[in-house]
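Colleague: Structure in structure tokens, see below.
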Amino acid sequence: MLHEFELRLKFLSGLIVLVIVLLIARAGYLQVYQGDEYARRSDGNRTRLVPTVASRGTFYDCNGLSIVENRPSFVVSLLPLTAPIQPEVITRLSELLHVPREEIDAKVKAHTGYEPIRIKGDVGADILTVIEEQSALYPGVIIEVQAVRDYLYKAQGAHILGYVSEISETELDERKDEGYRTGDIIGQFGLERIYDKELRGTNGGELVEVDVTGKPVQILGQKDPISGHDFHLTIDWRLQAATEKAVDDQLSLIGAQAAAAVVMNPQTGEVLAIVSRPAFDPNLFVHGISEANWKMINENPNDPLDNKAITGEYPPGSTFKIVTGTAALSEEVVTPNEMILDTGVYWLGEKGNAGGEVLGWLDFTSALSHSDNYYFYEMGYRLGVDRLERYARMFGLGEKTGINLPYESEGLVPSREYKEKYLDDEWYDSETLDAAIGQGFNLVTPLQAAMVMGEIAANGKRFQPYLVHKIVDADGKVLKEFQPKLLSTLDVPDEVIRLVQQGLRDVTKEGTAAGVFGAGFPVDIAGKTGTAENSQGADHGWFVAYGPFANPNIVVAVIVENGGFGSQSAVPIGKRILEAAFGLDGSIPFAEAPGNKRR
Amino acid sequence: MNKRWLRRMDFTLIIAAVAIILMSLVTIGSATHINAASAGGYGFVQRQGVFAVLNIALAVFLMNFDYKMLQRYGTKLYVVNIVLLLAVMLFGHSALGAQRWIQLGPITLQPSEFSKVIMIISLAALLEDKVGKLNSLRDLLPIAAFVGLPFVLVLKQPDLGTSLVFIAIFLGMIFAAGVNLKLLGAIFGAGVLASPVLWHFLKDYQKMRILVFLDPNVDPLGSGYHIIQSEIAIGSGQLFGKGLFEGTQSQLDFLPENHTDFIFAVVGEEMGFIGAAFLLLLYLILLWRGIRIAQDASDTFGMLLAVGVTSMLAFHVLVNIGMTMGIMPVTGIPLPLMSYGVSALTTNIMAIALLLNIYMKKQRLIF
């Protein structure tokens, strides 16, 4: 019997050894065999990578004036770390911030990860005080300081600069490989979009140790953000402002809604001003645009988000006579001195000048300066569509100029090929006549119109338009300096260009723009008016010009949608732009401004 | 107290027990952030330390008595035990969904802790003259009913963990008392068959604990959270540990109940496998000595007492440490001599004092 007890107690001893060995084995398995994995999970528990957003690059105009900067903004955010945000907190916050409950709920629902959910930006001191003093009522609500884009001049230059907003789901999917992450700010339009990668810099971050509530305990590591690059533009902000004012004043005077203007230096391709109307204020987008503002912009029939200077395609109207005239003289279908009689109605198509004006005997220069349709119908007839097409393409029409802005349009050059391809029909001679005076199958952007005029000004040289003079990093080191890029030279005799210049000069002296410019305009200006027929409504008014005639450094293109005759709608705008450019409005002329002495 | 008395002490057992208590004080200190200026300070360590000293003093004093006199009080102690447990049901206050505590001035007592030792004593007294006579169900039923009453009272608190300790004590003691092994096998078989029925009597949170034990990811932010965080803590300690006060899981509060039920995870995290295995070896010594003392006991009552105490301690060690490492369900029973808790500490030191007393008396014949 005693032996039996001994055995049973020995069994219990064995059982105890077994239990302890089992536990040691389990500890060994967790700590030694799987230790690395658990160490990793433990680090994942306690550490958070908190990104430090790099400050976005600044935009300067050609004189070093700062146009776009960053400013701090207080943002009220939600940070649901351990527990979901309580509904009553959301209700309270919705009332405090005047943000609809549904909007907050939607953001919370879409949220994943550890990033704060941003509810409202640019919150004032009164609201910050409430949240800080009554923090017990707002568990999970945090206040962040965010650097946001500050467009110092509001809508001015909006179509050049563009705007930024938080990256959308679809953009994220497309651009994940480029290092974009949820919550990133991304350029959506204009230069902000084209140069987003250079502007955004490299985000830094802090590796923070947090406790179970997500409260930071200490900083374990830190990588400083690298600021984005600064951009020095070719834009002359003073001229930009003058151009915008000239456009706005004229639009309200004649009651038109939409317009565009481009100002360039024809000798370099530098763009000095771009205006498109209607415009928008890029500041509206920095915290995510409100529903009401978006509706206002999105439902405007004139589409404020369109940069009409490069995206808008319009029939060039009589400004195209520059192309037709150059072609006619170069192809020698007419001599400069051949007199042609405008009898009122051209035999083919039975059309003449607008308003039935009959100008009688005309040589080349007077036909150009008075923009005589009869003469150019004849030129078109003599040239034929193929030669017209070749010269249009030589001027760079029908293709993008390659300006560094998004959404540029190509325009349309009249051709048999186009008609056959898209309309499945052969070309008629009467259509050549329309094409010759810039109607019909003929579309240009205002930028292209400026380019055509610029090529005449620069004796046939076609420079690529560009907006950025140089890109500079945060330390002031120049990373890239843009130089004028000669795209092509018109393959026409110098004599032809001189004759065309002559005809254009007469436009402001005795031709279609003389009425506005008058006799006393102090700078010698060459110009060309145009009126683009518009089947949808009133005609669009064109004006292109350059000056000073002898040594041009300014070329201007203006279009006023539904403005009627170019001479009445667009010319006054062009005149005021030229006055500003040459300092005739009492300001410093462009050519003498400090930033422009470099050439 | 004289030299002879001292020479009759089981120093191996004493050293193991004191070493565990010292480790406990250090670990509780770390778990309650005594190193952090902002946190609670030394409150927990002080209380546990003071009670350890007081209990050891009491244990030394109790060495003057002979454990054999306890046999006479078996029935009375049993009645006291039942009254105490009923008192908890009637007057106790509840915490964390269970009614286990009685407030006595500044001290919160947990009678179910003491009831385990009282149970061992009264059961040993009952079994003493039944050794070798547990051959039929009829022999066993009265004993089962004897244990069953306090078991049900504890289960009702509800305290599943402690009630299971009662079963462990019961099984260990009747095994040592020579219960018929076929009968024991039959009881086990019946238990397994009855488990689906018992499942229905479990509370929802108890069912959840068992489900979570089977797969912690069932509820990673709820019941499974403890197990996952505890396993991360222990595993991330790797071989040498993160160092005292350096355990991020514990110091940053990812590990809940880190000074009570999950204190082993703090040891594992901060002292690594070396520390965890060292602690487990101390328990092995403690328990091994417990069985030795049972073998060497001068009488059957002493042998049964020693087996009861050892069964209780072994079950606690297995279930608590097993729980922190994800191989036992979460039952909320403390780790003997390690977990913070005055009632449990008192119970365990008294239990070890009982072992030492039995050891002391075994060699009387030799001297």
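Every number here is computed from the coordinates shown, using simple stated rules; none is lab data. On a predicted model such as this, the values are computed, not experimentally measured, just so you know. So basically every Cβ, Gly included, is an ideal-geometry build from the backbone, and we count neighbours across all protein chains shown.
Colleague: Between A:Ile142 and A:Asn300, 0.36 nm times their residue separation minus their Cα-Cα distance comes to what?
Modeller: 53.2 nm
Colleague: Report the calculated FRET efficiency for A:Glu37 and B:Arg72 (r = Cβ-Cβ distance, R0 = 41 Å), to the nearest 0.05.
Modeller: Calculated value: 0.10.
Colleague: Efficiency by 1/(1 + (r/R0)^6): what FRET value for A:Asp425 and A:Gln134, r their Cβ-Cβ distance, R0 = 60 Å, to the nearest 0.05?
Modeller: E(calc), rounded to 0.05, equals 0.20.
Colleague: Fewest Cβ neighbours within 10 Å first, please rank B:Phe61, A:Phe320, B:Phe51, A:Phe59 accordingly.
Modeller: Values: B:Phe61 10, A:Phe320 29, B:Phe51 17, A:Phe59 26.
Starting with the residue having the fewest Cβ neighbours, the order is B:Phe61, B:Phe51, A:Phe59, A:Phe320.
Colleague: Measure off 7 Å from each Cα along the Cα-to-Cβ vector at B:Met89 and A:Glu350, then give the distance between these two points in nanometres to one decimal.
Modeller: About 11.6 nm separates the two model spin labels.
Colleague: Round to the nearest 0.05 the FRET efficiency obtained for B:Leu211 and B:Leu22 when R0 = 35 Å and r is the Cβ-Cβ distance.
Modeller: It comes to 0.40.
Colleague: Name the residues whose placed amide hydrogens come within less than 5 Å of the amide hydrogen of A:Val148, ignoring near sequence neighbours (fewer than 5 apart) on the same chain.
Modeller: Residues meeting the criterion, in which the H sits 1.01 Å from N, are A:Arg71, A:Ser73.
Colleague: For B:Val53 paired with A:Glu291, estimate the spin-label separation in nm (one decimal), with each label point 7 Å from Cα along the Cα-to-Cβ line.
Modeller: Distance between label points: 7.0 nm.
Colleague: Among B:Ile174, B:Ile187, B:Ile274, determine the one that fluctuates most according to a GNM of chain B built with springs between C-alpha atoms less than 10 Å apart.
Modeller: Of B:Ile174, B:Ile187, B:Ile274, the Gaussian network model singles out B:Ile187 as fluctuating most.
Colleague: Go ahead and set up a Gaussian network model of chain B, Cα springs under 10 Å, then flag whichever of B:Phe240, B:Phe301, B:Phe65 fluctuates most.
Modeller: Comparing B:Phe240, B:Phe301, B:Phe65 in the GNM, the peak value goes to B:Phe65.
Colleague: Using the basic label-point model (7 angstrom from Cα toward the beta carbon), what is the B:Ala145 to A:Asp249 distance in nanometres?
Modeller: Roughly 11.3 nm, to one decimal.
Colleague: Among B:Ile321, B:Ile107, B:Ile234, which one shows the highest mean-square fluctuation when chain B is modelled as a Gaussian network with alpha-carbon springs under 10 Å?
Modeller: Highest fluctuation of the listed residues: B:Ile107.
Colleague: Then there's this: In deg cm²/dmol, rounded to 500, what helix-only [θ] at 222 nm does chain A give when every DSSP H run of at least 4 residues adds -39500 (n - 2.57) and the total is split over its residues? Let's see the in-between values first.
Modeller: On the way: 19 runs with 210 residues, N = 599.
The per-residue figure over chain A is -10500 deg cm²/dmol.
Colleague: Taking region A:48-233, how many lysine pairs are there with alpha carbons less than 25 Å apart, if each pair must be eight or more places apart or span two chains?
Modeller: Eligible lysine pairs with Cα atoms under 25 Å apart amount to 13.
Colleague: A follow-up question, please. Residue farthest toward the positive end of the dipole of the protein assembly as shown, with Cβ of Lys/Arg at +1 and Asp/Glu at -1: which of B:Leu155, B:Ala59, A:Val555?
Modeller: B:Ala59
Colleague: 5 Å is the cut-off here: which amide hydrogens, built 1.01 Å from N in the peptide plane, fall below it relative to A:Val210, excluding neighbours closer than 5 in sequence?
Modeller: Amide H to amide H, under 5 Å and 5 or more residues apart or across chains, A:Val210 pairs with A:Thr47, A:Arg48, A:Val217.
Colleague: Could you work out how far helix A:87-97 tilts from the main Cα principal axis of chain A, as a 0 to 90 degree angle to the nearest 10?
Modeller: Long axis of A:87-97 versus the principal axis of chain A: about 40 degrees.
Colleague: How long is the gain from A:Glu6 to A:Ile226 if the chain were fully straight, where each residue apart is worth 0.36 nm and the alpha carbon distance is subtracted?
Modeller: 71.5 nm
Colleague: Fewest first, what order do A:Val17, A:Val507 take by the number of other Cβ atoms within 10 Å?
Modeller: Exposure proxy ranking, most exposed first: A:Val17, A:Val507.
Colleague: Starting from the Cα-Cα distance between A:Tyr418 and A:Asp105, subtract it from 0.36 nm times their residue separation and give me the gain in nm to one decimal.
Modeller: This chain segment gains 107.4 nm when fully extended.
Colleague: What dipole magnitude, in Debye to the nearest 20, does region B:3-362 give about its Cα centre under +1 on Lys/Arg Cβ and -1 on Asp/Glu Cβ? Provide the component values of the computation, followed by the final result.
Modeller: Numbers: 23 positive and 19 negative charges, 274 e Å.
It comes to approximately 1320 debye.
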